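Asker: Dumping the structure here so I can ask a few things about it.
The values are calculated or read from the model by the stated rules, or taken from the named source; none is laboratory data. A quick note: this is a predicted structure, and the numbers were derived from the prediction, not measured. Note that each Cβ is placed from the backbone with ideal geometry, even for glycine, and that neighbours are counted across all protein chains shown.
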């Protein structure tokens, strides 16, 4: 599906409303995905680098990675982050040798003020099963889960369950899991626990974050060298 780029906040919200009607929140989604993609975007002023790392679903080893440099084309507005990131992420995902079975976003899906976070947006546009795993609660209220790995509580917004607060390691801060597209909440949490054998955050998030930062730094250095050479020639 072609990405729509708004010119105003009102247009962006209208696009979210249109795409939200296409969401599949029942899944169930893959419980044993063989290729799991993590996506992340790093920024330096108006520059960005969108990264996708694909992990083997059994070993969690990186089997493919793609990074795409770009420019910010939509201003930062809370709740509309997807419009800054989706175009470059679609480009990066499109360069993979094969489609992943599951996409894990560093952010939110249904746990969003308009019930349409990055994981939902990316899922609808690609048709891929997607989930969101946030480091903090963007919306909603919740009781603290028990301290053991695997413990969880409901994340609720206006009386509706929009995600789960999941403890991925004993005694560490929980993460905030929400469905994006074509995955139910039980399957989402099952996969998040499989992706967190040692650390709080999923390996998909950790590897994509490293790649996006490394790629952004390399692109900035390349631009600086190019600018310096141009100045000398001038």
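Asker: Quick one: residue 111 ticks every box in (1) touching a residue at least 40 places away in the same chain (Cβ under 8 Å); (2) touching a strand residue (DSSP E or B) at 6+ places or on another chain (Cβ under 8 Å); (3) closer than 20 Å to residue 43 by Cα bar one, so which box is it?
Answerer: (3)
Asker: Next up: Just to confirm my filter: which strands (runs of 3 or more DSSP E) fall fully inside segment 147-203 and include at least 1 residues that are closer than 23 Å to residue 121 by Cα and either touching a helix residue (DSSP H, G or I) at 6+ places or on another chain (Cβ under 6 Å) or modelled with pLDDT under 95 (or both)?
Answerer: 160-166, 175-181
Asker: While we're here: Restricting attention to strands (runs of 3 or more DSSP E) lying wholly within segment 1-96, give those where 1 or more residues are in contact with a strand residue (DSSP E or B) (Cβ under 7 Å, 6 or more places away or on another chain) and surrounded by fewer than 16 Cβ atoms within 10 Å (Cβ to Cβ).
Answerer: Output list reads 47-56, 62-71.
Asker: Out of the residues in segment 137-152 meeting the condition of being closer than 25 Å to residue 36 by Cα and touching a strand residue (DSSP E or B) at 6+ places or on another chain (Cβ under 7 Å), tell me which one is surrounded by the most Cβ atoms within 10 Å (Cβ to Cβ).
Answerer: Checking each candidate, the answer is 152.
Asker: Right, another one. List pairs: first residue in segment 63-83 and closer than 17 Å to residue 53 by Cα, second residue assigned to a loop (DSSP other than H, G, I, E, B) anywhere in the structure, Cβ distance under 7 angstrom, at least six positions apart or on different chains.
Answerer: What qualifies is 64/96; 64/97; 66/95; 66/96.
Asker: Which one of 128, 110, 122 is at pLDDT 95 or above, more than 23 Å from residue 48 (Cα to Cα) and surrounded by 24 or more Cβ atoms within 10 Å (Cβ to Cβ)?
Answerer: 110
Asker: Same structure again: Going through segment 196-218 one residue at a time, which ones are under 16 Å from residue 152 (Cβ atoms) and either surrounded by 23 or more Cβ atoms within 10 Å (Cβ to Cβ) or without any contact (Cβ under 8 Å) to a residue 24 or more places away in the chain (or both)?
Answerer: Passing the criteria: 196, 202.
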